[in-house]
Amino acid sequence: MKIGILAIQGDFEAHERRLGELGAGTGLVRRAEELEGLDALVLPGGESTTQLQFLVDEGLFDLLVARARDGFPLFGTCAGAILLANEVRNPDQASLGLLDITVVRNAYGRQLESCVTREPSELGAEPLEMVFIRAPVIERAGPTVRVLARRDGRPVLVEQGRIFAATFHPELSADPTVHAYFLKGVRDGR
Amino acid sequence: MAELMNFSSDPQWRVKVGLAEMLKGGVIMDVTSVDQAVIAEKAGACAVMALERVPADIRKEGGVARMASPKIIRDILHAVTIPVMAKARIGHFAEAQVLEALEVDFIDESEVLTPADEENHIWKHAFRVPFVCGARNLGEALRRIAEGAAMIRTKGEAGSGNIVEAVRHLRAIVGEMRRLATLADEELVAASKQMGAPLELAHWVARNGKLPVPNFSAGGIATPADAALVMQLGAEAVFVGSGIFKSSDPERRAKAIVKATTHARDPKVVLEASEELGEAMKGLDVRQLDEKELLQTRGW
């Protein structure tokens with residue numbers, strides 16, 4: 001199994017390290033042709049405005065939409081979740097529109113509101129450690145979106161078919177649960 | 001001693017370094033107005049540095065360079081959605097307190113401003129906002145990290161448009177890390193004494209082969225190829241100060257440097273990014289500068 005990681009900008013190396021620890025092959029993706037031969041793609045944390053521009057310029061935007069519609073699994077964290085959303089606000093911003101959620105950028109506030117918390121999740125009995133950095137808020141999740149964890153009542157970990165997203169950074173936690181769940185989903189064709 | 005000091009597991013420390021991680025592979029641009037901040041964001045900057053004057057003008061105009069006025073910073077905070085950084089003078093913890101109260105996302109304790117304290121840097125662990133500090137070698141980088149810096153950048157020679165000093169500093173930091181990795185535990189004690197850096201941090205670097213915080217490059221980056229050079233030498237992101245808004249076509253140059261940073265190891269893309277950019281900033285021969293004109297010798 002080989003998982004691609006979008007390596008335009010952001011904490012792609014943290015995802016690469018974590019997936020490697022869990023035994024997955026990895027490849028960094030900066031250009032459209034680098035998507036070939038991959039079983040899934042991770043959209044890492046970083047700045048969604050920067051990443052969006054490259055997706056469009058490199059022709060990856062349309063390609064990812066087409067591949068995802070054919071069942072190609074995608075996993076986005078923080079900025080990645082923003083890119084996957086159907087609707088992005090604060091301000092309005094284009095997105096891939098692959099996940100039926102409405103996301104509000106920087107909704108908790110600036111860096112001073114960044115934090116580490118623990119919340120229960122559907123992934124196991126133990127609460128998940130969640131690292132939030134200038135995080136977005138999922139203001140609305142559509143009826144076919146499964147919410148796997150919440151913070152203050154609002155979804156922070158969601159999936160819809162083969163699209164998986166977290167508004168926090170599991171790649172910055174010592175806990176591998178979220179990535180292990182993602183890999184199992186890719187393997188099982190969930 | 002496998003754990004990095006006692007602060008590596010502290011949640012506040014983790015979210016500080018976490019924001020630095022998010023900026024990797026990107027370009028942080030100096031801006032002096034809302035218009036420039038918007039141009040930078042549109043060009044793909046991953047953050048902006050809000051300033052009153054870019055380093056090239058500070059150098060030219062002289063006088064005491066201080067923290068920017070709160071109004072400029074606040075206007076820029078409201079104008080863009082990407083993180084906003086601002087500079088405080090070395091050792092001027094009260095300026096840093098003001099910047100924290102303004103809720104900037106990162107503070108640069110910077111040699112570009114006139115130092116407020118020639119003995120001491122800011123004790124950065126006392127703040128909730130993360131700090132970036134300049135360094136010319138590994139010892140200096142580790143001293144700043146010990147004080148709480150969540151990101152290191154090379155000092156280079158700000159406002160010079162000349163990459164030579166950033167290259168010198170980056171090669172020094174990366175080379176010294178490589179050398180530490182070859183040392184036995186007992187040899188690291190002498191090495192840390194020689195560098196003037198805490199043993200725990202020297203040990204961590206020796207065993208992990210990198211800094212415990214992201215390592216960026218700043219000071220003299222003016223072209224896409226400059227950005228590609230420092231990225232290939234081991235920088236994880238770049239700061240561009242005067243290089244963009246002192247060039248003839250800032251918008252295009254900003255975009256080109258962003259592209260070359262992401263694709264630093266792909267010469268064809270760096271070539272594309274280098275075409276039709278207009279004039280780069282003029283630049284200075286650092287060897288023609290007097291010792292007292294150098295910004296990089298501020299701080300220790």
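The values are calculated or read from the model by the stated rules, or taken from the named source; none is laboratory data. This is a predicted model, so every value here is computed, not measured. Virtual Cβ from ideal backbone geometry, glycine too; neighbours counted across all protein chains shown.
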Is it the case that some residue within the range B:71-80 is over 20 Å from the mean Cα position of the chain (by Cα), acidic (Asp, Glu) and surrounded by fewer than 24 Cβ atoms within 10 Å (Cβ to Cβ)?
yes
Residues of the range A:124-135 being surrounded by 13 or more Cβ atoms within 10 Å (Cβ to Cβ) and either of a type in the set (D, E, K, R) or within 7 Å of chain B (Cβ to nearest Cβ) (or both), in sequence order, are A:Glu129, A:Val131, A:Ile133, A:Arg134
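Step by step: first the residues of the range B:136-157, then only those that are more than 14 Å from every other protein chain (Cβ to nearest Cβ) and in a loop (DSSP other than H, G, I, E, B), then the one that is farthest from B:Arg14 (Cα to Cα). Which residue is that?
Here the answer is B:Glu157.
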Being touching a Ser or Thr at 6+ places or on another chain (Cβ under 8 Å) and surrounded by 19 or more Cβ atoms within 10 Å (Cβ to Cβ): is that true of B:Val230 here? yes
So A:Val42, is it β-branched (Val, Ile, Thr), within 20 Å of A:Met130 (Cα to Cα) and under 12 Å from the mean Cα position of the chain (by Cα)
yes
Pairs returned, first residue in the range B:262-273 that is closer than 23 Å to B:Met22 by Cβ, second residue that is acidic (Asp, Glu), beta-carbon separation under 7 angstrom, 6 or more apart or interchain, are none
The one condition A:Ile138 fails out of (1) assigned to a strand (DSSP E or B); (2) surrounded by fewer than 20 Cβ atoms within 10 Å (Cβ to Cβ) is (2)
Output yes when any residue across the range B:22-33 is within 13 Å of another protein chain (Cβ to nearest Cβ) and farther than 21 Å from B:Gly220 by Cα, and no when none is.
yes
Q | Qualifying residue in the range A:115-123 (condition: out of contact with any Phe, Trp or Tyr (no Cβ under 8 Å at 6 or more places or on another chain) and within 10 Å of chain B (Cβ to nearest Cβ)) | A | no
Residue set A:Leu43, A:Leu83, A:Leu99; condition crowded, with 24+ Cβ neighbours inside 10 Å, more than 25 Å from B:Ala20 (Cβ to Cβ) and touching a strand residue (DSSP E or B) at 6+ places or on another chain (Cβ under 9 Å); output residue A:Leu99
Of (1) free of Cβ contacts under 8 Å to residues at least 40 places away in the same chain; (2) over 16 Å from B:Gly219 (Cβ atoms); (3) hydrophobic (A, V, I, L, M, F, W, C), B:Ala37 satisfies every one except (1)
Taking the range B:35-62 and the residues there that are farther than 15 Å from B:Val238 by Cβ and facing another protein chain (nearest Cβ under 10 Å), the one that is surrounded by the most Cβ atoms within 10 Å (Cβ to Cβ) would be B:Glu41
message = Here is a check on your reading of the model: is B:Gly62 modelled with pLDDT under 95 and either among the aliphatic types (A, V, I, L, M) or more than 30 Å from A:Pro136 (Cβ to Cβ) (or both)?
response = yes
Here, helices (runs of 4 or more DSSP H) confined to the range A:1-96 with at least 1 residues that are touching a Phe, Trp or Tyr at 6+ places or on another chain (Cβ under 6 Å) are A:48-57
Report task. Determine if the range B:185-196 includes at least one residue that is under 28 Å from A:Ala14 (Cβ atoms) and in contact (Cβ under 8 Å) with a residue 60 or more places away in the chain. Result -> no
When (1) buried (at least 22 other Cβ atoms within 10 Å of the Cβ); (2) modelled with pLDDT of 95 or more; (3) touching a Lys or Arg at 6+ places or on another chain (Cβ under 8 Å); (4) not in a strand (DSSP E or B) are applied to B:Cys133, the one that fails is (4)
